[in-house]
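Written below as structure tokens is the structure these notes are about.
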Amino acid sequence: MKSLFVEGNSAMHRVSARAKLLALAALGVVLFLSTNLLLLALAVVATAAIYFSIGLPGRSALARLKPVFLTIVIVALFSLAFNPWHVAIVALLRLTALMLFAAAVTATTTIAQFIDEITLLARPLERLGLLRANDVGLAVGLVVRFVPEILDRYSAIREAHAARGIKVRPTTVLVPLVILTLRDADNIAAAIDARGVRRHLN
Amino acid sequence: MSTRDLVLSALFAAIIVALGILPPITLGFIPVPITAQSLGVMMAGVVLGARRSTIAVLIVLVLVAIGLPVLSGGRGGLAAFAAPTTGFLIGWVLAAFVTGYLSERLVKSEQSALVQTVGFFLAAMIGGIVVLYACGIFYLAFAAQLGLSKAFLGSMAFIPGDVIKALVAALVGRAVMVGYPLLPVRS
């Protein structure tokens, strides 16, 4: 699984992750408080300038935005059919600007930086006893490690179906997939505890 | 939270991610391919129960936020939270919780197979459809300024597919409960 981070040394890359995330949150609030078309259009131009200056080749920069931008446009067209035109345009500009800046933050922040920030955010919750902040990184690592294994298991189950001449149905594939995957949990948990990754056991 | 519970949640998060990568499975009777990860969210609820399934979904959302393309179609990154349909994404958390909670309440091991399947189906319908659509529609109405009634109408087109997914989730939930029971008992 490849991260959406892009190597580079643009101004956005040099800003700290925390500052970028705070700016994104602030931008979200400002965009949703404003209904001024000119201001929102300026926000789109500014965020587009930021996004396209981070050193991503034009074609792949656009390809990344396509799925989200498509839903924004479709919903805006749907809105245009029922609501006054400026309402639809305001929503279109707002979400486009937010999407551009969010994509810029994602492309210029490494996974390690993100996990540091999330761990920091989780510290107060840890004090309340709700979770352990370091578990966030552990869980992310586990998922990245096991997705390829689940995909392999899926093809093995499909091959078993073909070998036995059974039609592939959702339940006949998903049930063994879920059981085989979750059955590993005890061994993985034992391995994690044996290495003392989470320090004290419970 | 025990290490085992954390691992179970992470493994189910990995299943939800994998469901977004796998080629869609076609159903025998209706030509609708089952591709969406919302099936994974319902399955998490019926298999793992409220607490662990909520954590599984939260892990998926963390993966999205830190820039991994884990949503179906290779979507990911913070921009995925800027779409008008983001309510349907954030709503997964509540959907998994409600599906899991209702499964724990409605399904007991001494019930007959049919009653268990119906219990899981109701849990997946209420959690994965009623609760999820409530989150999604409210967000759509607010973020895209659509108005509640229009947002409601526009979302209705996706209900039939999700009812089928709830049925698949119920069948999977019941079969997993027989083969490898994990659902916590709640009285």
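Here, each number is a calculation from the coordinates, and none is a lab measurement. Given the structure is predicted, the values throughout are model-derived calculations rather than measurements. We place every Cβ from the backbone using ideal geometry, glycine too, and count neighbours over all the protein chains shown.
Quick rundown of the values:
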| quantity | calculated |
| --- | --- |
| Computed label-point distance, nm, for sites A:Leu138 and A:Leu77 using a 7 Å Cα→Cβ extension | 4.8 |
| Relative packing of peptides A:23-35, B:119-131, B:42-54 - highest average C-beta neighbours within 10 Å first | B:42-54, B:119-131, A:23-35 |
| For residues of A:66-74, the mean tally of beta carbons on other chains within 10 Å | 5 |
| Rg/Rh for the stretch B:1-124, where both radii come from Cα atoms and Rh is the Kirkwood radius | 1.00 |
| Proximal lysines to A:Lys20, defined as alpha-carbon separation beneath 28 angstrom and excluding residues fewer than eight positions away on the same chain | A:Lys2, A:Lys66 |
| Calculated FRET value between A:Ser155 and A:Ser60, using beta carbons and R₀ = 25 Å, to 0.05 | 0.30 |
| Length-normalised contact order for chain B - Cα pairs under 8 Å, 6+ apart - percent | 25 |
| Net length gained if the chain between A:Leu38 and A:Leu22 were fully extended (0.36 nm per residue, minus Cα distance) | 3.4 nm |
| Peptide-level mean, for B:56-69, of C-beta atoms on other protein chains within 10 Å | 6 |
| At q = 0.11, 0.12, 0.15, 0.18 Å⁻¹, base-10 log of I(q)/I(0) for the stretch A:67-202 (Debye sum, equal scatterers on each alpha carbon) | -0.79, -0.87, -0.97, -1.01 |
| For the stretch A:1-153: span of alpha carbons on each principal axis (Å, largest first) | 48, 39, 35 |
| Cβ neighbours within 10 Å from other chains - mean over A:176-189 | 6 |
| Relative contact order [Cα under 8 Å, 6+ residues apart], chain A, whole percent | 23 |
| Two-site label geometry, A:Ser10 and B:Ser112: point separation in nm, points 7 Å out along Cα→Cβ | 6.4 |
| Sites A:Ala48 and B:Phe142, calculated FRET efficiency, Cβ-Cβ separation with R0 30 Å, nearest 0.05 | 0.80 |
| Inter-label distance, nm, simple model (7 Å from Cα along the C-beta direction), B:Ala36/B:Arg4 | 3.4 |
| Sequence ranges A:110-121, B:162-173, B:104-115, A:139-150, ranked by mean other-Cβ count within 10 angstrom, highest first | B:162-173, A:139-150, A:110-121, B:104-115 |
| Rounded to 10°, Cα long-axis angle of helix A:185-194 versus longest principal axis of chain A | 90 |
| Highest-first arrangement of A:94-105, A:73-84, A:173-184, where packing means the average Cβ count within 10 Å | A:94-105, A:173-184, A:73-84 |
| Residue-averaged 222 nm ellipticity for the protein assembly as shown, from DSSP H runs of 4+ at -39500 (n - 2.57), nearest 500 | -24000 deg cm²/dmol |
| The protein assembly as shown: Rg to Rh, with Rh as the Kirkwood radius over Cα pairs | 0.98 |
| Mean projected area in nm² (Cα convex hull; one quarter of hull surface) for the stretch B:95-187 | 6.4 |
